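Step one of this worksheet: look at the structure below.
The values are calculated or read from the model by the stated rules, or taken from the named source; none is laboratory data. Since the structure is predicted, the reported quantities are computational estimates derived from the model, not experimental observations. Cβ placement follows ideal geometry from the backbone for every residue including glycine, while neighbour counts extend to all protein chains displayed.
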Amino acid sequence: MSVAWVGSQAVPLSDAIQHAAKLLASSRCPVISFDADVHGTRSVIALAEKLGAAYDHVRGRELLNEIALFTQYGGMFTTPGEVRRRADLIVVIGDIPASHHDMILSWASAPADLTGKQSRSWFHLKANRPSGDTGMNKHALKVGAVSLSAEGASLGAAVALLRAGLAGKRTAIPLANLDSLKTALADAEFPVFVFSGNPEEPTSLAMLQGLVSDLNRSKRASSLFLPSDDAAWGAVLTSVWMTGFPPRTGFPNGAPVYDPQRWDIQRMLREKEADLHLWISASDGASLSKRGKIPLVALARTRNPVRSAAVTICVAAPGIDHDSVIYSSRIGTFRAERASAPSDMPEIAGVIRQLSEALPC
Amino acid sequence: MLIRLTGGEIIDPVNGQSGKRDLWIQDGFIVDKPEGERADKTYDLSGCIVMAGAIDIHSHIGGGNVNTARLLLPEQHAAHLPRPADTPLSNAGWSTFTTGCLYAQMGFTTVVEPAMSPYNALHTHLELADIPIIDKATLTILGNDDFLLSLIRDKTSSDMMDDYVAWTLASTHSLGVKVINAGAAAAFKENVRAFSFDDVVPAYGVSSRKIVKTLQASVNRLGVPHPLHVHANNLGIAGSADTASVTIDATEGVPLHLAHLQFYGYGTEGKRKFSSEAARLAEQVNNNPDVTIDVGQVMFGQTVTISSDITRQFLAIGNANPKKTVIIDGDGNGGGIVPYRYKKNFYGSLQWAVGLELFLLIDDPWRVFFTTDHPNGAPFTSYPELFELLMSRDARDAKTAELNASALELTTLGSLRREYTLDEIAIMTRAAPARLLGLKDRGHLGSGAIADIAVYRRGRDIAGMFREAALVFKNGELVVENGKVVHLRWGKALRLKPTPDKAMVRRMQAYHEERYGLSLDWFTFPDSAIQRDEPFAEVSCSS
Ligand SMILES: [Zn+2]
């Protein structure tokens, strides 16, 4: 079975690597979009450094707001284990990505064994303006969450109303059920606000942290950050230790430069700043199409050449085809994961290493 | 390959008098002069001094909190490109790559990350594996975790305690145990915001003292070479000298290491109720052979404090500069990241002087260790300047003139004329750390030692001498020449690897399934997860 193509022509893997290396070496401004486990990410960043390329996660746009919370503001955070064992009041903020729902639901059936409480109370702060529902609304009903929302308010606006309301300020629009949250907070040993990126409203995450900080003036409270995508957050952390910076980082003069605007890869492709796009992802259903006239080298989990790619190389999915190390929100850190269906498809890190060795420099 | 180093002045207090002799290196080790063989390569080290590679016992170089600090402060890293001299933090090697290179350039070849949270072990080891050149090791944090506190509360047998500590060491691949503000983080969860040595964690009815004594005894019984590494209560606050003092008194004939004592060297005298108690503490250390300390020297400029002492970091939020912080209020210890700028004002000057007083008043260089608690007191890149302050009273006098006079009046620093000798430096930064950590294969230049060697060009500029080593060998490979990295290699993480008790493994399995709803393999990892050839090397326990 073929694992490598030049254009639509199946070729041996080594030929495809040689061809891709040639394209990379002759590129003036290569850009890399990737989605990989820790070791894949490590290899991608090492390659970017060698090429002087810019890199971003394929879900870089969703990451922007999550990264900015840390680079610009900070906050108070807890861990999923601590939520399970101690949180007697859980406030879910908006629509949490579906990948986290199992964990959230598991808290409903597990005792918070380190508190004196028999049960947890639940609240759900909802955007009133329509937004995509990942199923969180249904789950919130299932765990008996009291709904907090305000007429016409976006999630960001609702967070602001919540903070103001809890601080005892009068707000123009009332937040439904605020009083019952106040009562629950007064009684709670460890309230936790569970949140994700909310990319449309950059300031809402800092606003939520302001709220948590307000509560900490009198007693313990925290927040649980559930990234929009676990693998992407793992790539952020890996990038941070390798270069000092989160993604949207480039190596224009050898040293890493972090700049979320400058290294916006979609923009660079659109404006033809980039002259070669290396796209790497083994995720199933990852959408990929060549952008404009910029040549594309694609590493994807595919049995067919990617349409209009100059080179396609099939790569294995971490955790499925091979053992991997990934970030997991179940434990709030990295986890070594066994392959669920081992295969001999080439690993991203291996292909990237061969690519790197095939470069002339 | 046989390498000969000739003409240099060998400073190797473990193996006798300093003086000129040849050193021979073969297959990564220091060897006796092989009879009848000629060196493949000879280095003329005339005008140079030669020491074993330096060992840093306490430097926060990797793991969750360090990485969060990087994420919080990208500007501190970016700022260094145009103006390196102005931003010491950014010189500190903010990435794993630069960390290894900058340490190696100063002749350091082994560095201990002293605060690994058990559940962050994989993350920490992934980062350490990406630090080039040097060897690394970790200390695992215990003492605020529910499992240990429950064992103590339930008066469990010491065997069971030892099994738990051994399991933790094994599953986190570490070299020793650290306790950080014992009990305070657990009490923090019940809204306790001040916690001293004889205070009790309400939910468990266990005192800080009891936690420290329990872990100290367990570490000792298990034959872990490094004594329990204690970050005491009340770090940084006026009057903390009393806490340090009772902690030192609690050694009771068993070894104990007290981390960054400078941060506890404060009394409550003077107009500002903030004064130096360094002389008192130094005397107490001098009189208690069971205690070792590292200093945690403060140097001036921008840095960031990274600590698993959540109580301390929570209380320090208001001092953040720039104004952004991260507090992790999670399982076990948690922690916090608070950026900070040490200024040459009253407080900064006093802290600086307290550290130097401890260095100069503790007589035995085998029991006082050279640290800035990187990056808490200062980034490790300030080490060369600190060596100079210790070795030159002129340098101290010159610096003193820039500082706050009323602070210095509350210290004994002006009266201290001691200057560290090169032999004392070699003990404090090489021989003693190796002995304290149980690393028999390094810290000296005797035959059989790993060829970790630092060569410095002797000169009047002491800081310059230590900033850019003339040559550095790691495992016999030349890695630094004239202060520049010339060869990259991957070091190892040193670990103890005790065999965990089978009943304890079953118990941990049940505990994690019941309490976290996850099987134990979510919290442990095989060596292969690091994806480097032989990422670890074993150190043996002493019993
Ligand atoms: Zn420390």
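General observations
- Single residue of the range A:314-358 satisfying the filter (over 24 Å from B:Glu127 (Cβ atoms) and among the charged types (D, E, K, R)) that is nearest to the chain's Cα centre (by Cα): A:Asp321
One line per residue, one yes/no per condition, for (1) in a loop (DSSP other than H, G, I, E, B); (2) away from the ligand (no atom under 16 Å from the Cβ); (3) within 19 Å of B:Gly377 (Cα to Cα):
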{"site": "B:Glu269", "(1), (2), (3)": "yes, yes, no"}
{"site": "B:Lys273", "(1), (2), (3)": "yes, yes, no"}
{"site": "B:Ala279", "(1), (2), (3)": "no, yes, no"}
{"site": "B:Gln284", "(1), (2), (3)": "no, yes, no"}
{"site": "B:Ile293", "(1), (2), (3)": "no, no, yes"}
{"site": "B:Gly296", "(1), (2), (3)": "yes, no, yes"}
{"site": "B:Met299", "(1), (2), (3)": "yes, no, yes"}
{"site": "B:Gln302", "(1), (2), (3)": "no, yes, yes"}
{"site": "B:Ile306", "(1), (2), (3)": "no, no, yes"}
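- Residue within the range A:237-252 that is in contact with a Gly (Cβ under 9 Å, 6 or more places away or on another chain), surrounded by fewer than 23 Cβ atoms within 10 Å (Cβ to Cβ) and of a type outside the set (Gly, Ala, Ser) present: yes
- Here is the figure for the range B:30-77: residues that are over 22 Å from B:Ile131 (Cα atoms) and outside any loop (DSSP other than H, G, I, E, B) total 10.
- Of all residues assigned to the range B:117-131, none qualifies as being within 18 Å of the chain's Cα centre (by Cα), charged (D, E, K, R), away from the ligand (no atom under 16 Å from the Cβ) and not in a helix (DSSP H, G or I).
- For B:Lys33, the conditions (1) within 14 Å of chain A (Cβ to nearest Cβ); (2) at pLDDT 90 or above are fulfilled apart from (1).
- Residue check for B:Gly335: within 16 Å of the ligand (Cβ to nearest atom) and either within 14 Å of chain A (Cβ to nearest Cβ) or within 17 Å of B:Glu283 (Cβ to Cβ) (or both): yes
Condition check ((1) out of contact with any strand residue (DSSP E or B) (no Cβ under 6 Å at 6 or more places or on another chain); (2) at pLDDT 95 or above; (3) on the phi < 0 side of the Ramachandran plot) across all residues:
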site: B:Tyr43; (1), (2), (3): no, yes, yes
site: B:Val50; (1), (2), (3): no, yes, yes
site: B:Asp56; (1), (2), (3): no, yes, yes
site: B:His60; (1), (2), (3): no, yes, yes
site: B:Leu71; (1), (2), (3): yes, yes, yes
site: B:His77; (1), (2), (3): yes, no, yes
site: B:Pro88; (1), (2), (3): no, no, yes
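- Elements of type strands (runs of 3 or more DSSP E) in the range A:24-140, at least 1 residues being surrounded by fewer than 21 Cβ atoms within 10 Å (Cβ to Cβ) and within 18 Å of the chain's Cα centre (by Cα): none
Here's the yes/no breakdown for (1) touching a residue at least 12 places away in the same chain (Cβ under 8 Å); (2) not aliphatic (A, V, I, L, M):
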| residue | (1), (2) |
| --- | --- |
| B:Asn287 | no, yes |
| B:Arg312 | yes, yes |
| B:Thr325 | yes, yes |
| B:Lys344 | yes, yes |
| B:Val354 | yes, no |
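- Residues satisfying the stated conditions in the range B:228-258, i.e. more than 15 Å from B:Phe197 (Cβ to Cβ), within 16 Å of the ligand (Cβ to nearest atom) and either assigned to a loop (DSSP other than H, G, I, E, B) or in contact with an Asp or Glu (Cβ under 6 Å, 6 or more places away or on another chain) (or both): B:Gly236
- Qualifying residue in the range B:55-77 (condition: away from the ligand (no atom under 16 Å from the Cβ) and among the small types (Gly, Ala, Ser)): no
- Of the helices (runs of 4 or more DSSP H) lying entirely inside the range A:188-297, those containing at least 3 residues that are within 12 Å of another protein chain (Cβ to nearest Cβ) span A:204-216, A:230-243.
- For the condition touching a helix residue (DSSP H, G or I) at 6+ places or on another chain (Cβ under 7 Å) and more than 14 Å from every other protein chain (Cβ to nearest Cβ), B:Leu520 does not qualify.
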